[in-house]
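Reading through the structure tokens given below for one structure.
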């Protein structure tokens with residue numbers, strides 16, 4: 001089928017009579033070759049009255065193609081004018097064929113002629129046709145042609161510029177060439193001039209972008225561009241498709257505008273809100289680093305600065321850097337406050353550490369982990385050195401030297417108190433057994449108290465889980481064999497002669513099988529021990545539930561932290577292992593819950609000391625001990641007839657509640673013994689609070705929700721918007737707590753047809769203290785010029801949205817209505 005035949009057949013679907021003027025008789029052969037498929041062909045040649053009678057009177061329902069050659073007659077001489085005006089005129093010039101193919105009116109012929117190169121591609125015409133709508137005129141069509149040129153899904157100037165910029169930074173000149181080739185350059189740059197007030201004799205996308213960045217940078221050279229460039233930049237950074245190009249453009253502009261030099265002496269308060277250049281984040285981190293090292297800034301002020309940055313464009317890339325800075329400030333402040341603490345009793349020290357001071361060790365761990373995640377970047381190196389010195393000297397050494405006084409005064413290590421590790425089974429497991437309730441015990445090797453505290457806080461944020469933490473005093477020496485045995489039901493623990501192995505009521509406690517034997521003999525219920533990895537391999541719905549049904553008490557063991565730390569090769573990765581263990585234990589608890597387990601307890605065999613930097617010689621002691629040594633490591637010695645000196649604290653095994661004639665030496669404070677080949681940064685076995693305070697976390701699964709999110713509202717003083725700036729005060733109506741979780745929101749002003757009319761505000765509402773007034777956060781929304789044009793006097797909405805968990809999508813949280821009534825004077829930028 002010919003193109004003309006196809007076009008005419010399409011037009012006959014909605015028209016009964018079609019006029020075809022072929023002025024130069026160039027297409028007479030095509031006319032004669034047309035198949036009369038559902039219509040009749042008539043050549044009009046001096047027979048107008050006959051034709052009119054035939055089509056109007058004789059056969060008023062038949063379809064006709066009227067072919068006319070020669071010049072088109074003037075209206076007063078056109079006998080068929082009434083029919084022509086009532087029906088369709090078919091044109092066969094190139095422009096007309098395009099218009100007919102696209103279903104556009106003949107009055108748009110000049111538009112097609114102006115951009116004829118654009119319409120020579122079937123692909124471009126097909127894409128344009130998909131975008132066209134009823135009633136589209138010159139402006140609409142040119143805009144949609146740009147959408148085809150820039151390959152965008154939306155007819156939006158900002159999107160065109162973003163696509164153009166991406167093409168440019170990729171080193172591709174295709175869009176520039178096509179704008180020129182399709183004669184769309186003038187229209188495109190005219191639109192940019194109208195919206196952003198950009199003028200140039202030789203406009204280019206990069207020249208425009210440099211001006212835009214310059215306009216909006218706090219230390220930039222001001223120009224005549226409109227304030228709408230700020231909104232353009234904000235939207236660009238939020239556009240997933242083009243945000244990577246924004247980063248690359250920003251980096252290039254930073255070089256060309258010499259931003260590094262301009263930031264060299266920048267004041268923190270001036271650049272803290274900048275969101276254009278990655279260099280600003282580096283400068284802010286650098287300045288905060290210096291202020292913390294110099295002791296010239298408070299932890300609260302650091303938090304406030306970082307709160308401002310957390311929704312900025314590059315924050316996610318530098319999150320570990322900001323976390324280092326934030327944690328370091330709080331850490332140093334805590335050490336300065338507590339490192340000289342002296343306790344009046346042993347019990348007071350245990351309680352104070354487990355209620356509050358464990359946080360110092362937690363902060364140190366989180367700092368080191370985040371520092372490693374930055375690849376130990378040199379921008380943080382001075383801060384890291386400061387943290388290390390403060391931790392080693394001011395905290396670990398000073399704090400534990402004071403604590404050692406109570407250890408030295410201890411004659412008998414507590415093994416019968418309710419908070420003793422040796423009383424674990426009686427205090428924590430027996431009550432479940434007496435109630436005939438199944439209980440799961442998870443023992444994570446070297447899960448020291450501060451790690452348990454972080455896990456407990458995590459679990460409180462898990463919906464339908466309740467979690468609480470308590471502490472126990474670990475057995476001494478604080479090593480695995482004794483700690484694991486202490487957690488089993490027992491009457492007596494003893495040392496196997498000449499070793500450090502522990503016998504429980506005459507039975508070996510080594511390995512999964514040994515512990516299973518003890519549990520089955522001493523617990524009084526159906527009990528078993530199992531490795532965590534083996535347990536995780538069960539199918540929750542089938543093999544797992546069948547396994548669980550057989551037992552009332554299940555001990556589950558996992559060894560990631562201690563295994564990593566005890567190896568000299570891997571000890572520097574111990575805090576990485578902690579992060580993995582926290583995730584693993586959370587998944588393990590969910591696995592148990594899926595097997596209908598409701599009662600879970602997580603605990604540990606011992607804690608540890610870890611210092612990230614290589615130790616100095618002064619951290620090791622030359623102990624003048626003598627006697628027969630059964631077992632020696634960095635933090636304890638077990639043997640016979642042992643004699644120590646003033647660098648160690650001596651106990652008999654019976655002093656420590658162990659049925660044996662052995663002697664035991666514990667290095668004082670944080671000192672290490674010199675032991676060939678052993679790791680030195682990760683150690684345990686001694687009596688520091690970090691080694692002997694053990695977490696007991698009790699977790700239960702609930703049927704009802706246990707968490708919610710904070711509520712956020714706005715203070716609405718008016719329902720009318722009269723200027724292009726709208727100040728909105730957001731109020732976090734309740735405090736963030738363990739069970740009332742933060743809520744992240746974004747907010748912007750939209751027309752009722754969904755058109756975005758302002759910049760977008762993002763904020764994480766996670767305030768944990770202060771009155772409602774102190775939980776007020778203000779944002780100045782800047783409205784686009786179209787708010788006072790197309791949408792003037794219309795109702796608009798301030799929409800608050802929150803992210804859909806696990807996706808990149810957002811859902812509406814709340815909305816507030818306003819009426820736009822902006823004066824034309826607000827369309828002008830400030831001079």
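The values are calculated or read from the model by the stated rules, or taken from the named source; none is laboratory data. What you are looking at is a predicted structure, and each value in this text was computed from that prediction instead of being measured. Ideal geometry is used to build each Cβ from the backbone, glycine not excepted, and the neighbour counts take in all protein chains shown.
Taken over segment 348-379, the criterion of being modelled with pLDDT under 95 and part of a helix (DSSP H, G or I) is satisfied by 378, 379.
Considering each residue of segment 245-253 in turn, none proves to be in a helix (DSSP H, G or I), farther than 26 Å from residue 305 by Cα and without any contact (Cβ under 8 Å) to a residue 24 or more places away in the chain. With respect to residue 183, determine if the residue is outside any helix (DSSP H, G or I), in contact (Cβ under 8 Å) with a residue 24 or more places away in the chain and either in the same structural domain as residue 242 (by TED's automatic domain parsing) or exposed (fewer than 12 other Cβ atoms within 10 Å of the Cβ) (or both). Yes.
Confirm whether residue 642 is modelled with pLDDT of 95 or more and on the phi < 0 side of the Ramachandran plot. Write out each step before concluding.
Working: modelled with pLDDT of 95 or more: no; on the phi < 0 side of the Ramachandran plot: yes.
Criteria not met by residue 642.
Does segment 302-322 contain at least one residue that is crowded, with 16+ Cβ neighbours inside 10 Å, under 30 Å from residue 694 (Cβ atoms) and not assigned by TED's automatic domain parsing to the domain that holds residue 237? Among the residues of segment 302-322, at least one is crowded, with 16+ Cβ neighbours inside 10 Å, under 30 Å from residue 694 (Cβ atoms) and not assigned by TED's automatic domain parsing to the domain that holds residue 237, which makes the answer yes. Any residue at all in segment 736-751 that's at pLDDT below 90, over 30 Å from residue 437 (Cβ atoms) and either in a strand (DSSP E or B) or not assigned by TED's automatic domain parsing to the domain that holds residue 600 (or both)? No, segment 736-751 has no match at all. With respect to residue 215, is the statement that it is in contact (Cβ under 8 Å) with a residue 12 or more places away in the chain and in a helix (DSSP H, G or I) true? For residue 215, the condition - in contact (Cβ under 8 Å) with a residue 12 or more places away in the chain and in a helix (DSSP H, G or I) - is met.
For segment 522-574, give me the residue count where each residue is part of a loop (DSSP other than H, G, I, E, B) and either closer than 13 Å to residue 597 by Cβ or free of Cβ contacts under 8 Å to residues at least 40 places away in the same chain (or both).
Initially, segment 522-574 is screened for residues part of a loop (DSSP other than H, G, I, E, B), giving 523-526, 537-542, 550-552, 559-560, 566-570.
Then drop every residue that is not either closer than 13 Å to residue 597 by Cβ or free of Cβ contacts under 8 Å to residues at least 40 places away in the same chain (or both), which leaves 526, 537-540, 542, 550-552, 569-570.
Number satisfying all stated conditions: 11.
Among the residues of segment 471-489, are any closer than 19 Å to residue 426 by Cβ and surrounded by fewer than 18 Cβ atoms within 10 Å (Cβ to Cβ)? No, segment 471-489 contains no residue that is closer than 19 Å to residue 426 by Cβ and surrounded by fewer than 18 Cβ atoms within 10 Å (Cβ to Cβ).
Per-residue answers, yes or no, for (1) modelled with pLDDT of 95 or more; (2) outside the structural domain of residue 503 (by TED's automatic domain parsing); (3) assigned to a helix (DSSP H, G or I):
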position: 414; (1), (2), (3): no, yes, no
position: 426; (1), (2), (3): yes, no, yes
position: 431; (1), (2), (3): yes, no, yes
position: 436; (1), (2), (3): yes, no, no
position: 447; (1), (2), (3): yes, no, no
position: 456; (1), (2), (3): yes, no, yes
position: 462; (1), (2), (3): no, no, no
position: 466; (1), (2), (3): no, no, no
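Among the residues of segment 664-682, are any closer than 15 Å to residue 500 by Cβ, touching a helix residue (DSSP H, G or I) at 6+ places or on another chain (Cβ under 9 Å) and either buried (at least 24 other Cβ atoms within 10 Å of the Cβ) or modelled with pLDDT of 95 or more (or both)? Yes, segment 664-682 contains at least one residue that is closer than 15 Å to residue 500 by Cβ, touching a helix residue (DSSP H, G or I) at 6+ places or on another chain (Cβ under 9 Å) and either buried (at least 24 other Cβ atoms within 10 Å of the Cβ) or modelled with pLDDT of 95 or more (or both).
For residue 265, the conditions (1) more than 21 Å from residue 234 (Cα to Cα); (2) touching a helix residue (DSSP H, G or I) at 6+ places or on another chain (Cβ under 9 Å); (3) not in a helix (DSSP H, G or I) are fulfilled apart from (2). Scanning segment 772-798 for residues that are assigned to a helix (DSSP H, G or I) and surrounded by 15 or more Cβ atoms within 10 Å (Cβ to Cβ) turns up 775, 785, 786, 787, 788. Tell me, which residue of segment 276-313 that is outside any helix (DSSP H, G or I) and free of Cβ contacts under 8 Å to residues at least 40 places away in the same chain is farthest from residue 335 (Cα to Cα)? My answer is 312.
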